[in-house]
Structures are given as C-alpha cells and as structure tokens.
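The values are calculated or read from the model by the stated rules, or taken from the named source; none is laboratory data. Nothing here was measured: the structure is a model prediction, and the numbers come from that model. Glycine gets a Cβ as well: all are built from the backbone with ideal geometry, and neighbour counts include every protein chain shown. Surface areas here come from the heavy atoms of the whole protein model, side chains and all, with no ligands, DNA or RNA. Shrake-Rupley method; radii C 1.70, N 1.55, O 1.52, S 1.80 Å.
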Amino acid sequence: MAARKLLGALGGPVPRRGLRDLGARLARCAGHRRGGPRHPESIADHGIDDVVAHYAKIIEGLDSKPILVGHSFGGMIAQKLLGQDLAAAAVAIDAAQIKGVLPLPLSSLRVTFPVFKNPANQHRAVSLTAEQFRYAFGNAITEEESDRLYEQWAIPAPGKPLFEAAAANFNPHSPAKVDTANELRGPLLLMMGGRDHTVPEAITRSTLKQYRHSDAVTDILEFADRAHSLTIDHGWREVADAALAWLKAHSL
C-alpha cells in the first residue's frame, strides 16, 4: 500500500493522506490563488481530451499504475483513464455525465445555465458568482460556509468540457465517451451526494448502468445529506475515509 500513489484528477501524485491534499496540490501546480488564476485566458478552450492527455503523460512517468480520485469532471477523467488501463483503480465523486447517460435533471440545467447562456463561453474561462456557487456546490451546508468555500476555492474554469458533455449523446466520437465495457480494468467506485444539484443521484445511477456489460468491479456509495461541495466542506474527511476504506477492501 505504501508504494501506491493516489493521482487526483484535481492535482498531481500525492501521498495517501486523504482527499484534502489534492486541492492544495492543484493550487500549487496550476498557479492558482484566491480570486482565480493570474491569467484566466490561459486555461480557456481546453477540453476533456486535453485533460486526459495531460494526466496520461503524468502516469507514464510513474513506476506503477496509480489510484485515481476525481470530483465532478475529474470523476469523468478518472473513468476515462481507468477505461484505458492507465490506473489500478478509480474513485469518481459526483462525476460529470459520460456519454450514454440520459437523465438531465432541472437542477443540472440551472447550474450550467451561466455557461450555456452564451455560446462564446465554449472558448472562454467562466466564473460563478457566490450565489451561483451556493446553488451548485453549497446547498447542503450553511450559507456562511458556502461563502467561505467560494472565497477559498472558486476560480474560472474552461467552458468547453460542459459543451462537450452536453453534446456527447449526439457525437459518436465524443470526448465524454468512456470504455465502460472493459472487463480487465481495475475497480471503480462511484460516489454521490444525495442533495447534489450539479450531479444529482439520477446521473450517477445512470452512469452505473453504463457499466452493466463489464464484469469488472463497479460499486456505488451515496452520502445522502451531502451536495457537490462534499470534497471540500467540513465533512470532507468522511468522504476520504470511505474512499480509503473501499480501496483497502480491494487490497489497494
């Protein structure tokens, strides 16, 4: 266990200390600071394939397959890399919808409207307001904690992946496509927050169904009272401990 690396889709390789480390690693690696990256335009127009290629290159430099942990679009990226046999296992937390997932809850439409309202955002880095963050991430915590997390973590992000995911079921070569039929891949754990507005339960359960043709381990775990902020809010340790316990159960 000591030799295995956790590779977060939120950051680089980190020691096995829990999910909290991943966000800090992201901030250091990407040059982010409170208020956002120094040059938001530098991350604009990057899509799903760009991120997958970036992490595949990191994995190539490791001495063994890592365990991937990703949240939201990071969860999708983790699934793609696992499907490509580049990981020993993956934990996808409130993962963005992959190709084949059909449910589109109203809350998800409301969350993504600030991006989709302007087609030009496909080529821009887009920010949420504190109020939008509260609905998308912080609806299961106090307004005070949501505002604090917004100040600490919210940065502009590329709009392109959202547009790619939205068009996934109409594009046979969508970058949101995952090899869900791979029977030789490592174990996958799908985690979901029962109160998540951004990736509601219906999306995660539909994601699970996409793996029905594979005999590889695919498990699901729900945190009924948690929302999209579950990896960064006051209850993050419960999520980290559950992920580590699952990995231990699979001798990873």
inquiry  = Given the condition more than 13 Å from D94 (Cα to Cα), under 17 Å from the mean Cα position of the chain (by Cα) and not hydrophobic (A, V, I, L, M, F, W, C), answer yes or no: does some residue in segment 220-232 qualify?
reply    = no
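Condition check ((1) assigned to a loop (DSSP other than H, G, I, E, B); (2) open to solvent by less than 50 Å² (accessible area, probe 1.4 Å)) across all residues:
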position	(1), (2)
G186	yes, yes
M191	no, yes
H213	yes, no
E222	no, no
A227	yes, yes
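Every residue, every condition in (1) farther than 15 Å from H228 by Cα; (2) assigned to a helix (DSSP H, G or I); (3) open to solvent by 20 Å² or more (accessible area, probe 1.4 Å); (4) out of contact with any Phe, Trp or Tyr (no Cβ under 9 Å at 6 or more places or on another chain), yes or no:
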position	(1), (2), (3), (4)
K99	yes, no, yes, yes
A120	yes, yes, yes, yes
S146	no, yes, no, no
Q152	yes, yes, yes, yes
T180	yes, no, yes, no
message = Give me the residue from segment 101-118 that is in a helix (DSSP H, G or I) and free of Cβ contacts under 8 Å to residues at least 40 places away in the same chain and, out of that set, least open to solvent (accessible area, probe 1.4 Å).
response = P114
ask   = When the residues of segment 53-78 are filtered to those that are in a helix (DSSP H, G or I) and hydrophobic (A, V, I, L, M, F, W, C), which remaining residue is nearest to the chain's Cα centre (by Cα)?
value = F73
message = Take T142 and tell me if it is within 21 Å of I43 (Cβ to Cβ) and of a type outside the set (A, V, I, L, M).
response = no
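Can you tell which of I67, I48, I58, I43 is in contact with a helix residue (DSSP H, G or I) (Cβ under 6 Å, 6 or more places away or on another chain) and either modelled with pLDDT under 95 or open to solvent by less than 50 Å² (accessible area, probe 1.4 Å) (or both)? Steps first, please.
On the way: I67 fails: in contact with a helix residue (DSSP H, G or I) (Cβ under 6 Å, 6 or more places away or on another chain); I58 fails: in contact with a helix residue (DSSP H, G or I) (Cβ under 6 Å, 6 or more places away or on another chain); I43 fails: in contact with a helix residue (DSSP H, G or I) (Cβ under 6 Å, 6 or more places away or on another chain).
Among I67, I48, I58, I43, only I48 is in contact with a helix residue (DSSP H, G or I) (Cβ under 6 Å, 6 or more places away or on another chain) and either modelled with pLDDT under 95 or open to solvent by less than 50 Å² (accessible area, probe 1.4 Å) (or both).
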query = How about segment 229-252: which of its residues are in a helix (DSSP H, G or I), more than 19 Å from F73 (Cβ to Cβ) and not small (G, A, S)?
reply = R237, E238, D241, L244, W246, L247, K248
message = Taking the conditions exactly as written (under 25 Å from D85 (Cα atoms), modelled with pLDDT of 95 or more and open to solvent by 20 Å² or more (accessible area, probe 1.4 Å)), does T204 satisfy them or not?
response = no
message = Looking at F163, F133, F137 in this structure, which one is farther than 16 Å from D196 by Cα, crowded, with 16+ Cβ neighbours inside 10 Å, within 18 Å of the chain's Cα centre (by Cα) and aromatic (F, W, Y)?
response = F163
